[in-house]
Amino acid sequence: MDEKRELKREVLGTWLVASYGIAANAPIAVATLYFVGIAGLAGGSMPLVTFLSYLIYATTLLVVYEWSKDIAASYGYVAMIKKGLNSSLAAFTVGYGYIYQYLVAGAAGFGVLGVASFLYLVSPSIASSMPWLWAVISVIVTLETTLIMWLGVKPVGMLNLIVSLISIAYLIVTSIALIIIAGDKNTLAPFTAQPVNGNWVLILTSMIFGITTFGGATTPVGVAEEAKIPKKTLPKALLLEFLLLGVGLILNAYAQTVVYGVNNMFNYANLPDPMVIIYSKYFGTITVLILIVLVAFMFNSSTIAFATSGSRMIYGMARDGVLYPKTFAKINKYGVPGNAILLTGIITGALSLISGYILGPLEASIFLITFGSFYVSLGHLFAAIALIKHKVKV
């Protein structure tokens, strides 16, 4: 096989592979933005919803974990479906869906438009004084992330790992501090349906949104071919990053709830930027500034992680002559699919600008993320069915 079409192998260790999952999820950004939606539905039961959503998402992770011991492919979900169902149509459908998810919902919707929208939420006056700023940010982030991806998978992994670990550590430390500050307000009530008067319909409804809180955790499958001993490294990386995400997000959900007040969480959902407001009340200016910087950096890292997986999906399909021309399987001097990365950057940038112009950056971000959830569910469903058939056949 032409060496110029083969990715550089044996590059990423367990922690670097795991960094792609943490970065894609962007936990500190999720805590800042997603918890607002959960609290709006579940109020003081937000920690319960977060915990149950974590358990539900664990079933999805388990499917990918089992597959990762058998398959190490840049276009992971396509390979899973092909091997499990032996159906080119199903594999193509899932592959196309995940390209949508990685580039449209993940990179453009959550990553690029996420950081642009966040800055407007932090300082609403920016929206009126510089209504064009979101577009400038979108262009800069798109160009910067595309360049970083072009320079190789390891530099990206190192950047993701540093930002991700700092963010997780920040979440854990500040959450513990808030729990201590809460004092006698600490209670197990947030892990029950008591705050919503036992209304499990509300709990289950909010879980639809809550499950997406852990979205991106399976993203490391996209860099499987570039991992060291991939069929051993990828399973360990998936477990490692999912454990860190669970600790950071569940702990922060509880900390914010008890310090703000279990019975006040429906009001929490009406605040313009509740986490920033809470941190401003109980911590100093420097801590709040660190929060804002970390959220911005995590949105940036999330863009890179999703776009990297999207470029590998394009590369893998092009290498097999599916949907994309062979030119997108070409490898640059840094050992990554250069043409696929450029296409990824063009698609991400164009989608961000066009949808942002039509709907506004925040509304466009929500629309792209929400619409992408269909493809995520479809892909996970096919992967689970394929795994059952594969295990039974084996």
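The values are calculated or read from the model by the stated rules, or taken from the named source; none is laboratory data. These numbers were taken from a predicted model, which means no experiment stands behind them. Ideal geometry is used to build each Cβ from the backbone, glycine not excepted, and the neighbour counts take in all protein chains shown. With ligands, DNA and RNA removed, areas are computed over all heavy atoms of the protein, side chains included. Shrake-Rupley method; radii C 1.70, N 1.55, O 1.52, S 1.80 Å.
Values computed for the structure shown
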| quantity | calculated |
| --- | --- |
| Residues of region 123-138 satisfying the condition of being surrounded by fewer than 20 Cβ atoms within 10 Å (Cβ to Cβ), in contact (Cβ under 8 Å) with a residue 40 or more places away in the chain and closer than 15 Å to A364 by Cβ | A135 |
| Residues of region 214-266 that turn out to be farther than 21 Å from G316 by Cα, outside any helix (DSSP H, G or I) and under 16 Å from the mean Cα position of the chain (by Cα), as a count | 1 |
| Qualifying positions in region 298-323 - over 24 Å from the mean Cα position of the chain (by Cα), open to solvent by less than 30 Å² (accessible area, probe 1.4 Å) and among the β-branched types (V, I, T) | none |
| Residue in region 41-87 that is most open to solvent (accessible area, probe 1.4 Å), counting only those that are among the aromatic types (F, W, Y) and out of contact with any His (no Cβ under 9 Å at 6 or more places or on another chain) | F51 |
| Enumeration of residues in region 187-222 that are among the aromatic types (F, W, Y) and surrounded by fewer than 24 Cβ atoms within 10 Å (Cβ to Cβ) | F191, W200, F209 |
| Unique residue being within 23 Å of Y279 (Cα to Cα), in contact (Cβ under 8 Å) with a residue 12 or more places away in the chain, open to solvent by 10 Å² or more (accessible area, probe 1.4 Å) and of a type outside the set (A, V, I, L, M, F, W, C) when the list is Y120, Y100 | Y120 |
| Residue among V293, V336 that is in contact with a Gly (Cβ under 8 Å, 6 or more places away or on another chain) and β-branched (V, I, T) | V336 |
| Selection count where residues are modelled with pLDDT of 85 or more, part of a helix (DSSP H, G or I) and among the small types (G, A, S), scope region 114-157 | 5 |
| A73 being closer than 16 Å to F382 by Cβ, of a type outside the set (K, R) and in a helix (DSSP H, G or I) | no |
| T327 vs. criteria touching a helix residue (DSSP H, G or I) at 6+ places or on another chain (Cβ under 9 Å) and touching a residue at least 60 places away in the same chain (Cβ under 8 Å) | no |
| Residue in region 305-319 that is of a type outside the set (S, T, Y) and not in a helix (DSSP H, G or I) present | no |
| Single residue of V288, V322, V336 found to be within 24 Å of V122 (Cβ to Cβ) and of a type in the set (A, V, I, L, M, F, W, C) | V288 |
| Out of V295, V288, V276, V247, sole residue that is crowded, with 22+ Cβ neighbours inside 10 Å and either in contact (Cβ under 8 Å) with a residue 24 or more places away in the chain or not acidic (D, E) (or both) | V295 |
| Count of residues meeting criterion [within 30 Å of L7 (Cα to Cα), assigned to a helix (DSSP H, G or I) and open to solvent by less than 20 Å² (accessible area, probe 1.4 Å)] in region 324-367 | 9 |
| Leading residue by the ranking (nearest to the chain's Cα centre (by Cα)) among those in region 1-41 that are assigned to a loop (DSSP other than H, G, I, E, B) and in contact (Cβ under 8 Å) with a residue 24 or more places away in the chain | A26 |
